[in-house]
1. In debye, nearest 20: dipole of the stretch 2-73 around its Cα centre with unit charges on the Cβ of K, R (+) and D, E (-)?
2. Taking +1 at the Cβ of each Lys and Arg and -1 at the Cβ of each Asp and Glu, which of A48, L24, L8 sits farthest along the dipole of the stretch 2-73 towards its positive end, judged by Cα position relative to the Cα centre?
3. Just to check I understand the Karplus step: with θ = phi - 60° and J = 6.51 cos²θ - 1.76 cosθ + 1.60, what whole-Hz values come out for the stretch 34-39, glycine and proline as x?
4. How tilted is helix 10-19 with respect to the longest principal axis of the chain? Cα atoms for both, answer in degrees (0 to 90, nearest 10).
5. At q = 0.19 Å⁻¹, what is the base-10 log of I(q)/I(0) for the chain according to the Debye formula with one equal point scatterer per Cα and no solvent? Please give it to two decimals.
6. So, R0 is 30 Å and r is the distance between the beta-carbons of I51 and E73; what FRET efficiency does that work out to, to 0.05?
7. HN-Hα J couplings of the stretch 47-59 from phi, Karplus 6.51/-1.76/1.60, θ = phi - 60°, integer Hz, Gly and Pro as x?
8. Full extension from M1 to N66: what is 0.36 nm times the residue separation minus their Cα-Cα distance, to one decimal in nm?
Amino acid sequence: MFKVKLTLDRKDYEIYIKSIEPELTETFGRSRIYETQDDTNIYINIEAPDISSLKASISSIARVLNVAKKILEEKLW
């Protein structure tokens with residue numbers, strides 16, 4: 001099992017994480033993605049059985065975060 005934990009500053013990314021929360025509760029192929037938080041950070045945890053699944057999940061989350069960021073910055077949301 002391979003694991004990655006993405007650490008995001010809570011004050012900078014909280015609005016983006018809220019907009020993609022449904023994506024964080026789904027399974028991407030063979031990977032499991034879930035979110036944890038503390039007072040200062042938001043953690044996106046990804047667990048996958050192999051490197052290919054891990055890479056695909058990281059790419060998916062990065063793409064979804066990028067789209068959310070662009071939409072929110074343009075005030076379209």
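What follows draws every value from the coordinates through simple rules; no lab data is involved. This structure is a prediction, so every number in the text was calculated from the model and none was measured. Positions of Cβ are backbone-derived with ideal geometry, glycine not excepted, and every protein chain shown enters the neighbour counts.
1. Working: 11 positive and 12 negative charges, 56 e Å.
For the stretch 2-73, the charge dipole is close to 280 debye.
2. Toward the positive end, the furthest listed residue is A48.
3. Coupling constants for the stretch 34-39: 8, 10, 10, 9, 9, 5 Hz.
4. In the chain, helix 10-19 runs at an angle near 80 degrees to the longest axis.
5. -0.77
6. Numbers: r = 32 Å, r/R0 = 1.08.
In this case the efficiency is close to 0.40.
7. Couplings: 10, 9, x, 8, 5, 4, 5, 4, 4, 5, 5, 4, 4 Hz.
8. 20.7 nm
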